[in-house]
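Everything below concerns the one structure shown next.
FYI, it's all coordinate maths here, none of it is from the lab. The shown structure was predicted, so the numbers you read here are calculated from the model rather than taken from an experiment. Note that each Cβ is placed from the backbone with ideal geometry, even for glycine, and that neighbours are counted across all protein chains shown.
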Amino acid sequence: MEKIRLSKLMAEKGLCSRREADVFIERGLVYVDGERVSTLGTKVYPDQDITLDEKADKELSGAVTILLNKPVGYVSGQPEKGYAPAVSLIKRESRFKGDRSSISSNPSHLRGLAPAGRLDIDSTGLLVLTQDGRIARQLIGEDSDVEKEYLVRFEGVLAEKGLNLLNFGLSLDGKPLKPAKVSRQNEDQLCFILKEGKKRQIRRMCELVGLKVTGLRRIRIGKVKLGNLPVGQWRYLGEDEGF
């Protein structure tokens, strides 16, 4: 049995993200078989027992996840010239009045808040921003199997063959895409359900079958729906919710 990096194993076990693991290791908040480990890069066996100090557990339990209905014109992650990042919309006054969460808004909730997945600048809908590396890994990790559902308006003529190709048979960047669930909603709207998220994937898929996307809205990630959350507003992920 080969040893692997402790931080990698912690992420694989769902204890936290690799980034969080490195921070906790440096701070001496990680124990392997009851022994404190504080050296970055430490390697351990996969069957060894890993536990977190109470301080680390408390920090992780206090991490928040925010659901935002992103408007057009905002970028998901790092700000681009002339465009603001979606996180700039997370303000006390833009919190959804229908938010059922008992969490009180706090400036500390912006610290380390990062998007778990992208949503193009010209797309709208559900964007997840989280402080919790476990949720980020669940949604965008290499082995993520979480569905994302989109409503897509288009221009052009969609033949039956084109619809079949959208479901399975297209490649992007020289690699075949995973099977999708694409269904026709009406004359100019499709529903896409994907388990991957390549850059501008839906728009590029549509181009390959002769369609031009005129509107794209994400309405669901896993079991969490956009629902009646207004554009530009946000709410906390509830304690009873999960992806």
Among [x] 7, 27, 29, 22, 12, 3, 0; [y] 7, 31, 32, 20, 9, 1; [z] 8, 33, 41, 17, 1, find the value of P(r) over Cα pairs in 10 Å bins from 0, in percent that was calculated from the structure presented, and write down its label.
[x]
Given 34-43, 57-66, 105-114, 14-23, the highest-first ranking by average Cβ count within 10 Å works out to 14-23, 57-66, 105-114, 34-43
Using helices alone, I'd like the mean residue ellipticity at 222 nm for the chain: each DSSP H run of four-plus residues gives -39500 (n - 2.57), total over residue count, nearest 500.
-5500 deg cm²/dmol
Sequence-separation-based contact order of the chain, relative, with Cα cut under 8 Å and 6+ spacing, percent:
22 percent
What Kirkwood hydrodynamic radius, in Å, does segment 12-79 give when the mean of 1/r is taken over all pairs of distinct Cα atoms and then inverted?
14.2 Å
Mean-position separation - Cα centroids, segment 196-243 and segment 87-123, in angstrom
16 Å
Can you list residues whose amide H is under 5 Å from Leu172's amide H, if they're 5+ apart or on another chain and H is modeled 1.01 Å from N?
Leu177
Volume in Å³ per residue [convex hull over Cα atoms, computed for segment 148-221]:
78 Å³
Modelled label-to-label distance, Arg27 and Ser105, 7 Å Cα→beta-carbon offset: nm?
2.6 nm
Under a plain spin-label model, where a point goes 7 Å from the Cα along Cα-to-Cβ, how far apart in nm are Tyr83 and Asn186?
2.8 nm
Output the Cα-based Rg and Dmax of segment 70-136 in Å, rounding Rg to one decimal and Dmax to a whole number.
12.3, 36
Using 26 Å as the Cα-Cα cut-off, could you pick out the over-long pairs in Lys70/Lys148; Lys43/Lys148; Lys178/Lys199; Lys13/Lys223?
Lys43/Lys148
Multiply the residue gap between Lys43 and Ala114 by 0.36 nm, knock off their C-alpha separation, and tell me the result in nm, one decimal place.
22.8 nm
Would you calculate the separation in nanometres between label points at Lys97 and Glu54, each defined as 7 Å from the Cα along the Cα-to-beta-carbon direction?
4.3 nm
Using only C-alpha atoms and all pairs of different ones, pull out the Kirkwood radius for segment 9-132 in Å with one decimal.
16.6 Å
Ranked highest first by the average count of other Cβ atoms within 10 Å around their residues, in what order do 26-33, 47-54, 200-207 fall?
200-207, 26-33, 47-54
May I ask you to compute the full-extension gain from Arg19 to Ala159, defined as 0.36 nm times their residue separation minus their alpha-carbon distance, rounded to one decimal in nm?
45.8 nm
Per the rule of 0.36 nm per residue minus the C-alpha distance, extending Val72 to Ser171 adds in nm 32.9 nm
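Given an 8 Å cut-off on Cα distances and at least 6 residues of separation, report the relative contact order of segment 132-223 as a percent.
Numbers: 139 pairs, mean separation 38.7, N = 92.
With pairs under 8 Å counted, the relative contact order is 42 percent.
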